[in-house]
1. Rg(Cα) of the chain divided by 2.2 N^0.38 Å?
2. Would you kindly derive the ³J(HN,Hα) couplings of region 150-167 from the backbone phi angles with the Karplus curve 6.51 cos²θ - 1.76 cosθ + 1.60 (θ = phi - 60°), listing them in order in whole Hz, with x for Gly and Pro?
3. With 10 angstrom as the radius, rank Thr49, Thr85 by how many other C-beta atoms surround their C-beta, starting from the fewest.
4. So, R0 is 45 Å and r is the distance between the beta-carbons of His155 and Thr49; what FRET efficiency does that work out to, to 0.05?
5. Taking amide H atoms as placed 1.01 Å from N in the peptide plane, list the residues 5 or more away in sequence, or in a different chain, whose amide H sits under 5 Å from that of His201.
6. Could you check the spin-label model distance between Gln205 and Arg72? Points 7 Å from the Cα along Cα→Cβ, value in nm.
7. Around Gln165, which amide H atoms from residues at least 5 apart in sequence, or from another chain, sit under 5 Å from its own amide H, with H modelled in the peptide plane?
8. Quick one: order Tyr14, Tyr197 by neighbouring beta-carbon count within 10 Å, fewest to most.
Amino acid sequence: MIGILGGTFDPVHYGHLRSALEVKDIFGLTEVRLIPCAQPPHRQQPSATAWMRLEMLKLAIGSQAGLIVDDRELKRDGASYMIDTLSSLRQDFITEPLLLFIGSDAFNQLTTWHEWQHLFDFAHIIVMTRPGYEIQQLDDFFNTRLTKNRSELAHNSAGKLYFQQVSQLDISATAIRNMIAEQQNPGFLLPDIVIAYIRQHQLYQRQ
Ligand code: ATP
């Protein structure tokens, strides 16, 4: 089974890295692919360029076994839609279960994603919840796909919805960018090697 964690990673931080490692172990995944979004369709354009965000991810992951940086969204033109990314991954992994991990905030917006219903044609969707998170009322579309049985994920290559609690660290890239702009030290929120890259390229300084 292969895990997929998309994001802007502007910059990558320990919240991302810790959840990637945690879900890899919980679900017994062969690998988790961290996929930086080149041109987010839904939000403000990121502060750092896509290539810089990719570089920071590569530095952060280093040689951590089972975590892979996947640059496929940077190789496409136009808005980076997850449906295109999953379709492309499915061509690489024809029969393997694909698990797309999204935060509960992202899940609440899922029905605004391009061709969102078809995401389930290519992958399972795993919603990473915080302790105490109440699952919102699901409509029929989601209820028919919902499973509470983890083994169903391995027995189907796509199509299931599953909620998994993870120990989310209270870290956000927005807060890190703001700290750097305010000349505060973001140490211990993200790897030192990424902080060094940010300094070297003078990223996230106040305009
Ligand atoms: P920003 O503050 O710029 O919106 P972010 O820190 O939320 O960024 P993204 O790159 O947008 O990071 O997030 C990518 C994915 O990682 C999303 O699925 C998001 O839910 C998840 N994520 C972000 N922060 C954390 C965290 N602290 N713990 C666990 N997952 C996180």
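1. Dividing the Cα radius of gyration by 2.2 N^0.38 Å gives 1.01.
2. 4, 5, 5, 5, 6, 8, 10, 7, 6, x, 9, 10, 9, 9, 10, 6, 10, 7
3. Exposure proxy ranking, most exposed first: Thr49, Thr85.
4. Details: r = 41 Å, r/R0 = 0.91.
Approximately 0.65, to the nearest 0.05.
5. Close amide H contacts, sequence-distant or interchain: none at all.
6. 3.8
7. Amide H neighbours of Gln165: Thr129.
8. Numbers: Tyr14 15, Tyr197 19.
In increasing order of surrounding Cβ atoms, one gets Tyr14, Tyr197.
Values in this text are rule-based calculations from the coordinates and carry no lab data. What you are looking at is a predicted structure, and each value in this text was computed from that prediction instead of being measured. All Cβ positions, glycine included, derive from the backbone under ideal geometry; neighbour counts span all protein chains shown.
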